[in-house]
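Okay, structure first, notes after.
The values are calculated or read from the model by the stated rules, or taken from the named source; none is laboratory data. Keep in mind that this is a model prediction, so the values were computed, not measured. Positions of Cβ are generated from backbone atoms using ideal geometry, with glycine treated the same way; all protein chains shown enter the neighbour counts. All accessible areas refer to the heavy atoms of the entire protein, side chains included, with ligands and DNA or RNA removed. Shrake-Rupley method; radii C 1.70, N 1.55, O 1.52, S 1.80 Å.
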Amino acid sequence: MRASSLARSLVAAALALALAAPAHADLRVSELEVFLNDHEVTVHVVLLGALPDGVREGIQSGIPAHVRFSVELWQYTRYWRDQLLTTKVVERTLGYNVVTKEFKVTALHGETRPVFATRELRDAQRVLSELRGLKVTPATALDPSAVIYVRVNAEAALNGENTFLTRLAGTAEQASRQSDYRTIQRVQ
């Protein structure tokens, strides 16, 4: 009897948390473009809502925000599970210096780019949320007759902490999107 009342209270608590959670995430993968040429597979990604309100308040007080892009190249396999070919992870951070009132976007992992500094949050958010020209794999490494697609998982979090509780508090969000199916061979 005691176990059933404990189970009921746990279910009630879980339902309360689920109802208190936001109905939809503000973070969206807006533009996912996959380019195939004779040399490589290139991906462009743009996030919308990379800095939710809870994250903006934290940034203004000096807590950095992190954005992580996980770009996965998959090969479609009929009648079986799809095969993951490669994964590229790109991480960036946005910091705010309270003294100089300057935003800095820094690449942490997956790319080498200079630090972008600006006094405008809008410009910093644009640089933080755009991933342009990411080279995923050489085209010669792929089977020309294979059907491939790209899946992007994006995470935005204050201080790099993306857990259930931080998503519930509104200081972290995640989104994903999948591209259309493509082949290396040109079909007419």
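Loop-only GluC sites (Glu not before Pro) in region 93-135, please: DSSP not H, G, I, E or B, and at most 13 other Cβ atoms within 10 Å. It would help to have the intermediate numbers written out before the result.
Values: sites: E102, E111, E120, E130; in loops: E111, E120.
Taking region 93-135 and a limit of 13 other Cβ atoms within 10 Å, the loop GluC sites (Glu not before Pro) found are E120.
Contour minus end-to-end for A107 and Y149, with contour as 0.36 nm per residue of separation and end-to-end as the Cα-Cα distance? Present the calculation step by step, with values, prior to reporting the outcome.
Values: separation 42, 0.36 × 42 = 15.12 nm, distance 2.58 nm.
Result: 12.5 nm gained on full extension.
How much accessible area per residue does region 76-147 have, in Å², with a 1.4 Å probe?
65 Å²
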